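*Asks:* Pasting a structure below so you can have a look.
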Amino acid sequence: MKKIRKRYSILLIILIAIGMTVFFMIFQGRKNTSIVDVYLDNGNQQHILTYGVNAAYIDGNNEKWKIATVTIDESADLNLEGIQLMYTVSDTLEQDLEEISKKYTGKKVWINMGLNQEMSLEDLRKVYERIESLIEEYENIYSVYDLDIALKLYKTHGFKWISHKVESNEDIEAIYNLPEELKGQVKVLINDYILENDKLSLSEQLDTISRLYYSIPMNIGQVKLIFNQGDLNKAHYKIIDLYNEIVSENWISTHKIAEDTTPYIKLQEGITVGNPGEFLVSYYEGIEFVEYKFNDQSVQKSYRFPFKLKEEVYDGKNGINKIKIIVKLKGQEVPYVQEYYLDFKDMAKVGERSKRLTPDYPFAMQMTYEKPYIPVLMYHEFKDVVGESDSEQSISVSTKLFEEHIKTLLDNGYTPIHFKNLEDYFRQKGGLPEKPIILTTDDGYLSNYTIAYPILEKYNIPATYFITSAYVGIDTTMPHFTWEQAKEMEESGLVDIQSHTHGHALLDELSENEVRYQVSMSFARIEEELGKRDVKVLAYPQFQHNKKTVKWVEEVGINLQITNLAKLKGVTKPLDVKRIHVANTTSPEQLLEMIQKLTMK
């Protein structure tokens, strides 16, 4: 019986573990499992695709369409710049080419060569060679061959243009599956017959149209010309709206011939440098929706390919941004999650920070400390009455005690300075007072504004507040001061706002990209709200750092890094600034004693 109970207990533990794993996967998603490619509009206004229509559906007063499909017997009076001729190759080919050249002088002409598919391979070769020998005489005429013909001959004959009729998703797949050798040599002309396919429902038509056109700039760039052979005058309004949206894209033109350029940047695993723009997702069978999270904020769900995220929907910041793509497949509970990082340069002009009241110290002034340590005090929360628990006594300091600390430091000749003074000293651009000291607080709690700030004003001394930018104005376990309050304190010339990361992240547990994002985003928000920093200082949450994080943080442009608590033989260095933890149990006398042990022999 005991053995049976033990087995049931083990089985229960296993089932609970499996259940928790499944719940976690549903909640978090299959993180960093890439099933789609993600693209960002790179702002390149050069188009890569030329769009035309069927001349049969153009009215006589044509001002809009400059590229069209015509038959050899149709009028040349439509004011066209580019023409696709649907032509059946015959014995009169030579005379027909001469007539076409005269009829369409000064226009580009793509002749879609209709060949008998039943011809033998040898006969096909002969006809192809005859066509090409005649076409060489005409600079404005291009021969275009059906994909099926090209697949038979491409290993022995070179092709410049091939054409392909698209009615369904299966036809689109044929473009994806072109042999690599053929992909490398040809340009593709598509004849879009999706509207003419009455086997497709309206929803299926919309999906197929979207897939065809938006796949071109993302991953079938061989397509340079596309002709809509359907009658848009009789189409459903949703289809008309979709085609109008497509034609308005900056990478498509209705009158200029396509250029070889790339309108979208494919996002990679590292940090992609670019500018804010539209995001698109590559085609994948069975997607129910794609959700976008930008800088940890959910901004949109999209339900139709190419699952666009327009620039105006998200709020890009100067520096490194993070976009999370959540792909939900039909019939699957657990979504796929893909993360990317983007470095946006010069997003907006950042104003200057408020002027400091504290002086700059001339290079001739030097501190009198006997050890190479400059004391930096660390506070967190302030309260009129501090609770008795060890945690409260450690993190909080009473209003009365904080003021006593300040008075004692000033009475004993200590001069509070800013980190800008310290950085100038390290760069040999300035000196320091005889007994410099830096006051800091972490986390940006509201009491820093309501309790500590008035005391700083009373004694006219500077301090640095390290804030978690995502929590500004937010009430977590304790309330945090707002950006308006931060601005008021900086405008006093006394308080300097610096970074404690964007989300209070433990940086030594994160990837390189996420470390860079946490630091960059924090300063982007600080500078957006308060002005450009004349020095950038990062205080590691819980002091968690390592050699890699120090390197990555420095590369983001941070001047000084707060790394740990001070020790007796501590040395203050730009990338290794250590602090003295001040608790509610630290009397003014004890504070002086700690400072003296760290600075004097």
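The values are calculated or read from the model by the stated rules, or taken from the named source; none is laboratory data. All values derive from a computational prediction rather than experimental measurement. So basically every Cβ, Gly included, is an ideal-geometry build from the backbone, and we count neighbours across all protein chains shown. In case anyone asks, the SASA skips ligands and DNA or RNA and just uses the protein heavy atoms, side chains included. Shrake-Rupley method; radii C 1.70, N 1.55, O 1.52, S 1.80 Å.
*Asks:* Which value, in debye to the nearest 20, describes the size of the charge dipole of the stretch 472-522 about its Cα centre when Lys and Arg Cβ atoms bear +1, Asp and Glu Cβ atoms bear -1, and nothing else is charged?
*Replies:* Values: 2 positive and 10 negative charges, 11 e Å.
Result for the stretch 472-522 is approximately 60 debye, rounded to the nearest 20.
*Asks:* By the scheme Lys and Arg +1, Asp and Glu -1, what is the net charge of all other residues having a beta-carbon under 13 Å from that of G351?
*Replies:* Local net charge: -1.
*Asks:* Follow-up. What is the helix-to-structure angle for 399-411, meaning the angle in degrees between its Cα long axis and the longest Cα principal axis of the chain, kept from 0 to 90 and rounded to the nearest 10?
*Replies:* Between the helix axis and the principal axis of the chain, the angle is about 70 degrees.
*Asks:* Please report the Cα spread of the stretch 534-601 along all three principal axes, rounded to whole Å, starting with the longest.
*Replies:* Ordered largest first, the stretch 534-601 gives principal extents of 40, 27, 26 Å.
*Asks:* How many nm separate the modelled label positions at L121 and E99, each set 7 Å beyond the Cα in the direction of the Cβ?
*Replies:* 3.5 nm
*Asks:* So how do K103, K165 rank on accessible area, 1.4 Å probe, biggest first, that is with the largest at the start? Please list the in-between numbers first.
*Replies:* Values: K103 70, K165 100 Å².
Result, largest first: K165, K103.
*Asks:* Let me ask something else. Would you calculate the separation in nanometres between label points at K155 and I220, each defined as 7 Å from the Cα along the Cα-to-beta-carbon direction?
*Replies:* 2.4 nm
*Asks:* If you don't mind, another one. Quick one: how many Å² of D59 are accessible to a 1.4 Å probe, rounded to 10?
*Replies:* Counting only protein heavy atoms, D59 exposes about 100 Å² to solvent.
*Asks:* Please report the antiparallel percentage of DSSP beta bridges with both residues in the chain, rounded to the nearest 5. Working shown, then result.
*Replies:* Values: 31 of 103 bridges.
Counting DSSP beta bridges with both partners in the chain, the antiparallel share is about 30 percent.
*Asks:* Determine the distance separating the Cα centre of the stretch 272-325 from the Cα centre of the stretch 175-206; give it in Å without decimals.
*Replies:* Result: 26 Å between the Cα centres.
*Asks:* With the dipole of the stretch 367-451 worked out from charges on the C-beta (+1 for Lys and Arg, -1 for Asp and Glu) around the Cα centre, which of I417, T368, Y449 lies farthest toward the positive end?
*Replies:* Result: T368, furthest along the dipole toward the positive end.
*Asks:* Next up: Pick out, in residue order, every one of the GluC sites (Glu not before Pro) in the stretch 378-454 that is DSSP loop and has at most 10 other C-beta atoms within 10 Å; say none if there are none. Kindly include the intermediate steps, with their values, before the conclusion.
*Replies:* Values: sites: E381, E388, E392, E403, E404, E423, E434; in loops: E388, E434.
Answer by residue number: E388.
*Asks:* Could you give the size of the charge dipole of the stretch 194-307 about its Cα centre, using +1 on the Cβ of each K and R and -1 on the Cβ of each D and E, expressed in debye and rounded to the nearest 20?
*Replies:* Numbers: 10 positive and 16 negative charges, 23 e Å.
Charge dipole, the stretch 194-307, about its Cα centre: 120 debye, nearest 20.
*Asks:* Could you tell me which of N513, V472, V495 has its Cα farthest along the dipole of the stretch 442-519 towards the positive end, charges placed at Cβ (Lys, Arg +1; Asp, Glu -1), taken about the Cα centre?
*Replies:* Value computed over the given set: V495.
*Asks:* Could you state the accessible area per residue of the stretch 294-415 in Å², with a 1.4 Å probe and every protein chain left in place? Before the final figure, lay out the partial values.
*Replies:* On the way: 6200 Å² over 122 residues.
For the stretch 294-415, the solvent-accessible area averages 51 Å² per residue.
*Asks:* What order do Y459, Y214, Y336 take when sorted by accessible area (1.4 Å probe), most exposed first?
*Replies:* Values: Y459 60, Y214 0, Y336 35 Å².
So, going from the largest accessible area down, we get Y459, Y336, Y214.
*Asks:* Placing unit charges on C-beta atoms (Lys and Arg positive, Asp and Glu negative, everything else neutral), compute the dipole magnitude of the stretch 388-520 about its Cα centre in debye, rounded to 20. Mind dumping the intermediate values first?
*Replies:* Details: 9 positive and 22 negative charges, 111 e Å.
Charge dipole, the stretch 388-520, about its Cα centre: 540 debye, nearest 20.
*Asks:* Where does helix 202-219 land angle-wise versus the long Cα axis of the chain, in degrees 0 to 90, nearest 10?
*Replies:* 70 degrees
*Asks:* Rounded to the nearest whole Å², what accessible area per residue is found for the stretch 106-202 with the 1.4 Å probe?
*Replies:* Working: 4960 Å² over 97 residues.
Spelled out: the 1.4 Å probe surface of the stretch 106-202, per residue, equals 51 Å².
*Asks:* How many percent of the accessible area of the chain is carbon or sulfur, using a 1.4 Å probe? Before the final figure, lay out the partial values.
*Replies:* Details: 14310 of 28800 Å².
In the chain, the share of accessible area belonging to carbon and sulfur is 50 percent.
*Asks:* How tilted is helix 2-28 with respect to the longest principal axis of the chain? Cα atoms for both, answer in degrees (0 to 90, nearest 10).
*Replies:* 70 degrees
*Asks:* How large are Rg and Dmax for the stretch 484-601 when only the alpha carbon atoms are used, in Å?
*Replies:* Rg then Dmax for the stretch 484-601, in Å: 15.8, 45.
*Asks:* To continue, here is another question. Regarding the chain, what whole-number volume in Å³ per residue does the convex hull of its Cα atoms give? Working shown, then result.
*Replies:* Numbers: hull volume 155.0 nm³, N = 601.
With only Cα atoms used, the chain gives 258 Å³ per residue.
*Asks:* Which trypsin sites (Lys or Arg not before Pro) in the stretch 169-214 sit in a loop by DSSP (not H, G, I, E or B) and have at most 15 other Cβ atoms within 10 Å of their own Cβ? Don't skip to the end; give the middle numbers.
*Replies:* Working: sites: K183, K187, K199, R211; in loops: K199.
Sparse-neighbourhood loop trypsin sites (Lys or Arg not before Pro): K199.
*Asks:* A follow-up question, please. Taking loop as defined by DSSP and a crowding limit of 16 other beta carbons within 10 Å, which trypsin sites (Lys or Arg not before Pro) in the stretch 534-587 fit? Display every interim value, and only then the final one.
*Replies:* Working: sites: K536, K547, K548, K551, K567, K569, K578, R579; in loops: K536, K567, K569.
Of the trypsin sites (Lys or Arg not before Pro), the ones in loops of the stretch 534-587 whose Cβ has at most 16 other Cβ atoms within 10 Å are K567, K569.
*Asks:* Further, regarding this structure: Can you tell which of V553, T272, Q117 lies farthest toward the positive end of the dipole of the chain, using +1 and -1 charges on the Cβ of basic and acidic side chains (Lys, Arg; Asp, Glu)?
*Replies:* After comparing all options, I get V553.
*Asks:* A follow-up question, please. Which residues does a label at E404 reach in the stretch 563-601, if reach means a backbone N under 19 Å from a point 7 Å past the Cα toward the Cβ?
*Replies:* Output list for this probe position: 581-596.
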